[in-house]
Amino acid sequence: MNKELFVEEVKKLGIILNEEQLKKLEIYCNYLIEYNEHTNLTAIKEPEQIYLKHFYDSITIVKAIDFNKVNNLIDIGTGAGFPGMIVKILFPEIEVTLLDSNNKKIAFLQELTMKLGLKKVNFYHGRAEDFCVKNREKFDVVTARAVCNMTLLSELCLPLTKVGGYYIALKGSNEEEIDDSLYAIKVLGGEIEEKITFELPIENSGRNILKIKKSVNTPKEYPRRYDKMVKNPLKKNGK
Ligand code: SAH
């Protein structure tokens, strides 16, 4: 996706990018490519692919929610910053926390944040389930893209979401994975408000954005330890 088409497609999502934001995205793209030469951050290395599969794909999250009304957000398993860093560039007023268990990715994001001169960005190097011990139900919005299956992901994300807030999962077209997670979402205090289905431009691959409202508190026993979540996923009859 070249930059002209990127700007045009983003406009269709209702976002008009200003010069400063476009410049920040350009710096981001260049720095990602440069850093990736010595430290493995992403398999996507071509600028046009980065604009499509990382930048544009992250921006589709605006289909789910009006970010102008959001105060704080955490991106779980943010990797090289998707979608959390992109939301921060588009909506600089939001206090964004970027969390990942891989310290190389957090180090990259800290340097990038300085390069871009962004304020109100927090970092956490560690696992989501550990972070939750002190940060339970603190976030208006919890996001995640490509971290793990919906059932596990819900146990990582819903405990961090404020009652009345949203957990937004950016997913591919695997409907079975989504159906499988319905029980977990309910047990964890969530409720699917909307499932937004569409295709990524150019390559036409399927996408689902799950907009999940946190309607009641998550029972205290969740999240469990990661090995327990994996061994005994939250499914009806434990299946
Ligand atoms: N969201 C990014 C990265 C996806 S790769 C993107 O869409 O491009 C998945 C990332 O999740 C990895 O960086 C991995 O370190 C992180 N991760 C997986 N499980 C995690 C957990 N329980 N807590 C924190 N980070 C986790």
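The values are calculated or read from the model by the stated rules, or taken from the named source; none is laboratory data. As the structure is a prediction and not an experimental result, all values here were calculated from the model. Quick reminder, even Gly has a Cβ in these numbers, built from the backbone with ideal geometry, and neighbours come from all protein chains shown. These accessible areas exclude ligands, DNA and RNA; they are computed on the full protein's heavy atoms, side chains included. Shrake-Rupley method; radii C 1.70, N 1.55, O 1.52, S 1.80 Å.
Each label point is 7 Å from the Cα along the Cα-to-Cβ direction; what then is the distance between the points at GLU177 and THR39, in nm?
Spacing of the two 7 Å Cα→Cβ label points: 2.7 nm.
If you average the C-alpha positions of segment 197-238 and of segment 1-52 separately, how far apart do those two centres end up, in angstrom?
27 Å
When the chain is treated as a GNM, springs tying every alpha-carbon pair under 10 Å, which of TYR167, TYR35, TYR226 comes out with the largest mean-square fluctuation?
TYR35
Leaving ligands, DNA and RNA out of it, report the carbon-plus-sulfur percent of the accessible area of the chain at a 1.4 Å probe. Could the numbers behind the result be given before it?
Details: 5390 of 11340 Å².
Of the solvent-accessible surface of the chain, carbon and sulfur hold 48 percent.
Probe of 1.4 angstrom, ligands and nucleic acids ignored: what's the accessible area per residue over segment 57-122, in square angstrom?
Numbers: 2360 Å² over 66 residues.
Computed with neighbouring chains in place, this is 36 Å² per residue.
Give the calculated FRET efficiency between ALA146 and LYS23 to the nearest 0.05, with a Förster radius of 25 Å applied to their Cβ-Cβ distance.
Step by step, r from the Cβ atoms, then E = 0.40.
Add +1 for every Lys or Arg and -1 for every Asp or Glu among the other residues with Cβ under 13 Å from the Cβ of GLU191, and state the total.
+3
Kirkwood hydrodynamic radius of the chain from all distinct Cα pairs, in Å?
Numbers: mean 1/r = 0.0554 Å⁻¹.
Mean inverse Cα-Cα distance, inverted, gives 18.1 Å.
Roughly how many Å is it from the Cα centre of segment 84-138 to that of segment 172-189, as a whole number?
First find each Cα centre; the distance between them is then 26 Å.
Could you size up the charge dipole of the chain around its Cα centre, putting +1 on the beta carbon of Lys and Arg and -1 on that of Asp and Glu, and report it in debye to the nearest 20? Write down the numbers at each step before the final one.
Working: 36 positive and 34 negative charges, 200 e Å.
Taking the Cα centre of the chain as origin, the dipole is about 960 debye.
Mind checking which of PRO83, GLY14, VAL163 is farthest towards the positive end of the chain's charge dipole, using Cβ charges of +1 (Lys, Arg) and -1 (Asp, Glu) about the Cα centre?
VAL163
Run the quick spin-label model on LEU5 and ASN71: label points 7 Å from Cα toward the beta carbon, then report their separation in nm to one decimal.
Label at LEU5, label at ASN71, 4.2 nm between them.
In degrees between 0 and 90, to the nearest 10, how far off the longest principal axis of the chain does helix 103-116 point, with axes built from Cα atoms?
Tilt relative to the chain: about 40 degrees.
Just to check, using Stokes-Einstein with a Kirkwood Rh over alpha carbon pairs, what's the diffusion coefficient of segment 137-237 at 4 °C and 1.567 mPa s in µm²/s?
In µm²/s, the coefficient is 95.
Place a point 7 Å from the Cα of GLU199 along the Cα-to-Cβ direction; which residues of segment 168-182 have their backbone N under 18 Å from it?
171-175
Percent relative contact order of the chain, based on C-alpha pairs within less than 8 angstrom and at least six residues apart? It would help to have the intermediate numbers written out before the result.
Numbers: 426 pairs, mean separation 36.7, N = 239.
Answer for the chain is 15 percent.
Between LYS236 and LYS104, what length in nm is gained on full extension when 0.36 nm per residue of separation is reduced by their alpha carbon distance?
43.8 nm is the gain from fully extending LYS236 to LYS104.
Test of understanding: extend the Cα→C-beta vector of GLU191 to 7 Å, then name every residue of segment 145-179 with backbone N under 11 Å from that spot.
Answer for this model: 164.
Of all GluC sites (Glu not before Pro) in segment 10-39, which ones are in loop regions per DSSP and have a Cβ with at most 16 other Cβ atoms within 10 Å?
GLU37
If we count every other residue with Cβ under 10 angstrom of ILE33's Cβ, Lys/Arg +1 and Asp/Glu -1, where does the sum land? Intermediate values should be presented prior to the final figure.
Numbers: positive: LYS45; negative: GLU34, GLU37, GLU46.
Local net charge: -2.
With each run of n ≥ 4 DSSP H residues scored as -39500 (n - 2.57), what mean residue ellipticity at 222 nm is computed for the chain after dividing by its residue count and rounding to the nearest 500 deg cm²/dmol? Display every interim value, and only then the final one.
Values: 9 runs with 83 residues, N = 239.
Result for the chain: -10000 deg cm²/dmol, rounded to the nearest 500.
Give the angle, between 0 and 90 degrees and rounded to the nearest 10, that separates the Cα long axis of helix 19-36 from the longest principal axis of the Cα atoms of the chain.
Its long axis makes an angle of about 80 degrees.
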